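Notes for the one structure printed next.
What follows is calculated from the coordinates using simple rules that are stated; it is not laboratory data. Given the structure is predicted, the values throughout are model-derived calculations rather than measurements. Glycine also receives a Cβ, built like all others from the backbone with ideal geometry; neighbour counts cover every protein chain displayed.
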Amino acid sequence: MEQDQSREDAWALETLAIRAGHHRTAEQEHSEPIFPTSSFVYASAAEAARKFKGEEPGNVYSRFTNPTVHTFERRLAAMEGGERCVATSSGMSAILSTALALLSAGDEIVASRSLFGSTVSLFDKYLGKLGITTRYVELSDLAAWEAAITPATKLLFAETPSNPLSEVVDIAALAEIAHRHGALLAIDNCFLTPALQKPIELGADLVIHSATKYLDGQGRAIGGAVVGRERELEELFGVVRTCGPCLSPFNAWVFTKGLETLNLRMRAHCDNAQALAEWLEAHPAVVRVHYSGLASHPQHVLARRQQQGCGAVLGFEVAGGREAAWSVIDATRLLSITGNLGDVKSTITHPATTTHGRLSDEQRAAAGIAEGLIRVAVGLEALDDIRADLACGLDALA
């Protein structure tokens, strides 16, 4: 049974997260079903021919048409306010598919310097092999973005807030710069999700997600997604269909169910992170805290204006470099020492040797990734327990 699209257009985000995109089968199931099948059967050769040609709607092959994946795509597109979503096998494959769909040899990307390490490697090493050049600028410096654009620039790419320093860029202003120069703006929104930030409403053309993070919310599955307009997403769909970085039906179902609690989880994550950031800022062993919810953060006012919350990822620095940072991390017993984030379980890591370890010393220095920097992705445990766990190592340094 097809859902009434006109009703979906009027629903609030909380309702979209639970109801959007579910097209019930003839069985009239209440919860979204999983279709773990590689292919689909037709009543006749003529029907198969029509569906393979696209003359008749329907499923062909789960690499590019699967009902469970489509449910996730429709729901996330509705929540982000985009015309269409294309799901992929991971967040990195979402970025790669975007580049392959929209860029050619000789084109250029302008990107923020504070990107995830694997994204930098993708841009420099692998897109570089294809003749696509990337220029890096300070995330919050709009003048630097504009100065880096050339006639060959086709895409501006930013994570906001950044990982792990919580830097923020004015999305509306950056979109205006991109469009004035005939370029597209892509925003990686996986740290805030549509529960806390709507880049398309602010002028971005594309929103990219590692669904592995908060869209799932419990560290269970790997996946990615791109949301935007039909014209760009049709090209991106062609990449996924042909090259095959597709999302599995089971993972799509996990993400769809994760979206149902996204709003509640993100509010709770923000509350815990804000309180922890304030506690860390007052701790004598902490040199600096990077979290845009703090008044001391250089883009605090901007973050409060364009975001509905500051997220759950924060960084803090201790004196003593790597040795001191590792001692704090190793003293924890509750927090999980892992490079992943977006989980109900709090995680802790040393960015310089994990998430940003593939960058050169010069690249890490330019991105502000100091040896004494620790990243915490604040989960949903009791705040007192999180603080007590971090205090084990921090009190020893004070």
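Charges were assigned to the Cβ only: +1 to each Lys and Arg, -1 to each Asp and Glu. The resulting dipole of the chain about its Cα centre is roughly 620 debye.
Taking the highest mean first, how do the peptides 78-86, 29-37 order by number of other beta carbon atoms within 10 angstrom per residue?
Top to bottom by mean Cβ count within 10 Å: 78-86, 29-37.
For segment 198-209, backbone phi angles converted through the Karplus equation (6.51, -1.76, 1.60; θ = phi - 60°) give residue-by-residue couplings of 10, x, 5, 5, 8, x, 5, 8, 9, 10, 10, 10 Hz, Gly and Pro being listed as x. Neighbour counting of Cβ atoms within 10 Å sorts the residues Lys125, Lys213, fewest neighbours leading, into Lys125, Lys213. Only helical runs count toward this figure. For the chain, summing -39,500 (n - 2.57) over DSSP H runs of n ≥ 4 and dividing by all residues gives -11500 deg cm²/dmol at 222 nm.
Local charge sum around Gly258 (other residues, Cβ-Cβ under 9 Å, Lys/Arg +1, Asp/Glu -1)? Don't skip to the answer; put the middle values down first.
Numbers: positive: Arg220, Lys257, Arg265; negative: Asp216, Glu260.
Around Gly258, the charge tally is +1.
Which of Thr15, Thr193 has the fewest other C-beta atoms within 10 Å, and how do the rest follow up to the most?
Numbers: Thr15 14, Thr193 29.
By the 10 Å Cβ count, ascending: Thr15, Thr193.
Partners of Lys213 within straight-line reach, counting lysines whose Cα lies under 24 Å from its Cα and excluding those fewer than 8 residues away in the same chain: Lys198, Lys257, Lys345. Among Trp145, Trp253, a tally of other beta-carbon atoms within 10 Å of each Cβ gives an order, fewest to most, of Trp253, Trp145.
Taking amide H atoms as placed 1.01 Å from N in the peptide plane, the amide H of Thr349 lies under 5 Å from those of Arg375, each 5 or more residues away in sequence or on another chain. Expressed to the nearest 5 percent, the antiparallel share of DSSP beta bridges inside the chain is 55 percent. Distance between the C-alpha centres of segment 204-251 and segment 137-186: 22 Å, rounded to the whole angstrom.
Compute for segment 222-368: radius of gyration divided by Kirkwood radius, i.e. Rg/Rh, restricted to C-alpha atoms, rounded to two decimals. Don't jump to the answer; show the numbers that get you there.
Numbers: Rg = 18.7 Å, Rh = 18.4 Å.
Rg/Rh: 1.02.
Annotation for segment 1-78: trypsin sites (Lys or Arg not before Pro) lying in DSSP loop with at most 13 further Cβ atoms inside 10 Å of their Cβ are Arg24. Across segment 145-150, rounded Karplus estimates of 3J(HN,Hα) from the backbone phi angles (6.51 cos²θ - 1.76 cosθ + 1.60, θ = phi - 60°) give 4, 5, 5, 7, 6, 10 Hz, Gly and Pro being marked x.
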